[in-house]
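*Asks:* Structure incoming, see below.
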Ligand code: ATR
């Protein structure tokens, strides 16, 4: 692209940022939509004070929007002038949208996960769902599922206390009981029926590709759809066990795609078509050498 005096800038703050796919997502969208916009990574070291300076500096430099990644997603919140309700409840922000006096924070990781699931025809409203894990990622997913109307979320974790704490927090924030905290090994106590299962732990992440949170094949016989938040590798052991038991299995790359698309739409006040989303997705798969 040709950069000129009117080119708008968006970017990513985090540490590290070297391996991010976000520039590929946003610069491809800008190119395909004919927008005069460039997206760059900004390695941002330090803690809350340094991030606050970075956010103020970005506003002074007329930067249109920022994504925020590890380790700044939580402490960036104090640098914002406004925070979207879902992001506030989750307690983590990954997208900053420019306003007159500062930035408004959103969590497009979760709206993106919702959209990725919907694009695969996966239903959340009214569903009974098994969520594996109670770390930062699973906590956000628990909020998202309950906010989008899941009937019940069985939250299974090795450390029961963490699952219990998330359940209490979500129930208090949303004013409705929807989470049942359980120990992972109690999966055989799930009520009868078939479930959508979301794998939200770090178990199975590259290079530990042969690890999985639950090995027991009887668990997988009850899973009609398995969604792994992991996309490296793109065929996790969790996904293989779901498939072997006859369920549909998905990796998390579309979540990454749609968190980017949701951010791009917020920055540019446009709607990205499914056709365009697919074109960007193909480029991401090529970059990661995923060919299914
Ligand atoms: P993230 O930000 O990716 O969610 P995290 O907050 O460190 O990372 O959470 C990691 C999740 O993976 C937790 O649910 C953790 O279980 P505990 O809460 O019991 O620690 C889970 N996890 C990680 N390694 C695990 C292992 N070897 N066996 C079982 N669960 C594991």
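*Asks:* Report those strands (runs of 3 or more DSSP E) wholly inside the stretch 95-142 carrying at least 1 residues which are more than 16 Å from the ligand (Cβ to nearest atom) and either within 10 Å of the chain's Cα centre (by Cα) or closer than 22 Å to residue 201 by Cβ (or both).
*Replies:* The qualifying strands (runs of 3 or more DSSP E) are 128-132.
*Asks:* Sort out for me the helices (runs of 4 or more DSSP H) sitting completely within the stretch 195-292 that have 3 or more residues that are under 17 Å from the mean Cα position of the chain (by Cα), under 24 Å from residue 25 (Cα atoms) and at pLDDT 95 or above.
*Replies:* Passing ranges, in order: 253-268, 274-287.
*Asks:* Out of 196, 190, report the one residue that is touching a strand residue (DSSP E or B) at 6+ places or on another chain (Cβ under 8 Å), touching a residue at least 40 places away in the same chain (Cβ under 8 Å) and under 30 Å from residue 278 (Cβ atoms).
*Replies:* 196
*Asks:* Going through the stretch 149-182 one residue at a time, which ones are in contact (Cβ under 8 Å) with a residue 12 or more places away in the chain, within 15 Å of the ligand (Cβ to nearest atom) and surrounded by fewer than 14 Cβ atoms within 10 Å (Cβ to Cβ)?
*Replies:* The answer is 159, and nothing else.
*Asks:* Going by the conditions given, is residue 237 buried (at least 19 other Cβ atoms within 10 Å of the Cβ) and out of contact with any strand residue (DSSP E or B) (no Cβ under 9 Å at 6 or more places or on another chain)?
*Replies:* Yes, satisfied.
*Asks:* Would you point out the residue of the stretch 47-73, among those that are out of contact with any helix residue (DSSP H, G or I) (no Cβ under 7 Å at 6 or more places or on another chain), closer than 14 Å to residue 15 by Cβ and touching a residue at least 12 places away in the same chain (Cβ under 8 Å), that is surrounded by the fewest Cβ atoms within 10 Å (Cβ to Cβ)?
*Replies:* 70
The values are calculated or read from the model by the stated rules, or taken from the named source; none is laboratory data. Every value quoted in this text rests on a predicted model; they were computed, and no experiment measured them. For neighbour counting, all protein chains shown are included, and Cβ atoms are generated from backbone atoms with ideal geometry for every residue, glycine included.
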